[in-house]
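J.: Handing you a structure now.
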Amino acid sequence: MDALDRVVKPKTKRAKRFLEKREPKLNENTKNAMLIKGGNANLTVTEVLKDIYAVKKPFAVLYKRKNITRPFEDQTSLEFFSKKSDCSLFLFGSHNKKRPNNLIIGRMFDYHVLDMIELGVEKFVALKDIKNSKCPEGTKPMLIFAGDMFDVNEEYRRLKSLLIDFFRGPTVPNIRLAGLEYVLHFTAVDGKIYMRSYKVLLKKSGCKIPRIELEEMGPSLDLVMRRTHLASDDLYKLSLKQPKGLKPKKKKNISHDALGTTYGRIHMQRQDLSKLQTRKMKGLKKRPAEKSAQDGGATPKKPKSA
C-alpha cells in the first residue's frame, strides 16, 4: 500500500484542519495547478512555466527541480505529485529533438489522469518582454474562445474545456466593472492555437458606460496540438456528475409563462362565509325577526315592570 493511501488519524489540531480541508465537499475548493519541469527542459519551456505560474498564482504550485518522467508512458509520478500537493490540474514542460518546446496540459479525477493534451510551443513572448503595466496577482480572467474548431472537433472541444478548468480561477458571487481587467483570448485557426493576454483599460467616453481598450500584456503563445490522451465517454460523464445536495429541489405548484412570470397555486379548504368576521356596522346588524327565524321560533317577551 502506498504511504499516501493509508488512513491517517490526526494527532494535532493543525493536522486535523489540514485533513478536513482535503475532504470531499459539496462546493469544492478552487482547483490548484502544479507546474512541473521535465528532466530535459530548456530555457523557453522554463520561462513558459514561470509565466503561466505568474498568471495562475496563488492557485498554483511550481516545482523548480527537474523530474525525469514521461506522462504519456507512465502517469504514476504525476498522480503522486497530485495527491501530495492536492492539485487536480497540471502543466508539464519538456524538450527533446523529436518534440521541441513541449507542453502537456491535463487534469485529474480522483487523483488519476482524466485528460491530457500535448502542445508544442512555436513562438513565445514572455511577460518581461512586453513593457506594460500588469494585472495584480489573483485577478480572475475573462476567457474568450474564437474559431469553429472549438465547437466542431472533439479534441479541440475537450481542449477548450481543459483550458477553462485551468484558467477560470475562483467562483465569485458578484462582479464589479473595475474587476474586469484581464482577458485571455484563445484562437484556433489553420491547425494552430494562439493564446494572447490583454489588460482591459477603461477610458472616459462622455457617458455612463466607459470606453474599452485592450493592451497586450503577455504571455503570448503560438501552440500546435500534438498527442492527446482523452478519457472515455463513460469516465468523462462520471467526472461531471454532481452530488444530490447541489441539485435544485423541484418546487411543487409553481409554473412559469412564456415571459418568465412565476405563478404559484395555493390549495385552501372551503370556507364558511357565514362565520366570517366582518366590520361591525349598524347596517349589518340582524333584525329581531331574522334572529327569531334563525333560532327557530319567537322569543317570549319580557314582562314590563310596574
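The values are calculated or read from the model by the stated rules, or taken from the named source; none is laboratory data. This structure is a prediction, so every number in the text was calculated from the model and none was measured. Reconstructed Cβ throughout: ideal geometry from the backbone, glycine too, with neighbour counts over all protein chains shown. All accessible areas refer to the heavy atoms of the entire protein, side chains included, with ligands and DNA or RNA removed. Shrake-Rupley method; radii C 1.70, N 1.55, O 1.52, S 1.80 Å.
J.: Tell me, which residue of the range 150-171 that is open to solvent by less than 70 Å² (accessible area, probe 1.4 Å) and among the hydrophobic types (A, V, I, L, M, F, W, C) is farthest from I52 (Cα to Cα)?
T.: F150
J.: Can I ask one more? Could you check, for the range 256-268, whether at least one of its residues is at pLDDT 80 or above, touching a Phe, Trp or Tyr at 6+ places or on another chain (Cβ under 8 Å) and either of a type in the set (D, E) or not in a loop (DSSP other than H, G, I, E, B) (or both)?
T.: From the range 256-268, those at pLDDT 80 or above are 256-267; that's our starting set.
Remaining after also requiring touching a Phe, Trp or Tyr at 6+ places or on another chain (Cβ under 8 Å): 256-257.
Filter once more, so that each one left must be either of a type in the set (D, E) or not in a loop (DSSP other than H, G, I, E, B) (or both): 256-257.
Yes, the conditions are met somewhere in the range 256-268.
J.: Of all residues in the range 212-265, which are more than 20 Å from the chain's Cα centre (by Cα), loosely packed, with under 10 Cβ neighbours inside 10 Å and among the aliphatic types (A, V, I, L, M)?
T.: A258, L259
J.: Restricting the range 70-113 to residues that are surrounded by fewer than 18 Cβ atoms within 10 Å (Cβ to Cβ) and among the polar types (S, T, N, Q), which is farthest from the chain's Cα centre (by Cα)?
T.: The residue in question is N96.
J.: Which of (1) open to solvent by 30 Å² or more (accessible area, probe 1.4 Å); (2) farther than 13 Å from M195 by Cα; (3) not in a loop (DSSP other than H, G, I, E, B) does E122 not meet, given it meets every other one?
T.: Tallying (1) open to solvent by 30 Å² or more (accessible area, probe 1.4 Å); (2) farther than 13 Å from M195 by Cα; (3) not in a loop (DSSP other than H, G, I, E, B), E122 fails exactly one: (2).
J.: A further question follows. Just to be sure, is P10 open to solvent by 40 Å² or more (accessible area, probe 1.4 Å), touching a Phe, Trp or Tyr at 6+ places or on another chain (Cβ under 9 Å), modelled with pLDDT under 85 and closer than 30 Å to G245 by Cβ? Full working, then the answer.
T.: On the way: open to solvent by 40 Å² or more (accessible area, probe 1.4 Å): yes; touching a Phe, Trp or Tyr at 6+ places or on another chain (Cβ under 9 Å): yes; modelled with pLDDT under 85: yes; closer than 30 Å to G245 by Cβ: yes.
So P10 passes the test.
J.: I need the full set of residues from the range 50-86 which are assigned to a loop (DSSP other than H, G, I, E, B) and more than 12 Å from L35 (Cβ to Cβ), in order please. Break it down into steps so the answer makes sense when it comes.
T.: Just the residues of the range 50-86 that are assigned to a loop (DSSP other than H, G, I, E, B), to begin with: 57-59, 68-75, 86.
Scanning the range 50-86 gives P58, I68, T69, R70, P71, F72, E73, D74, Q75, D86.
J.: Sort out which residues of the range 174-207 are in contact with a Cys (Cβ under 8 Å, 6 or more places away or on another chain) and of a type in the set (S, T, Y), and write them in order of number.
T.: Answer for the range 174-207, where residues must be in contact with a Cys (Cβ under 8 Å, 6 or more places away or on another chain) and of a type in the set (S, T, Y): just Y182.
J.: Quick check on S205: is it assigned to a loop (DSSP other than H, G, I, E, B) and closer than 30 Å to E137 by Cβ? Write out each step before concluding.
T.: Working: assigned to a loop (DSSP other than H, G, I, E, B): yes; closer than 30 Å to E137 by Cβ: yes.
Judged against the criteria, S205 is a match.
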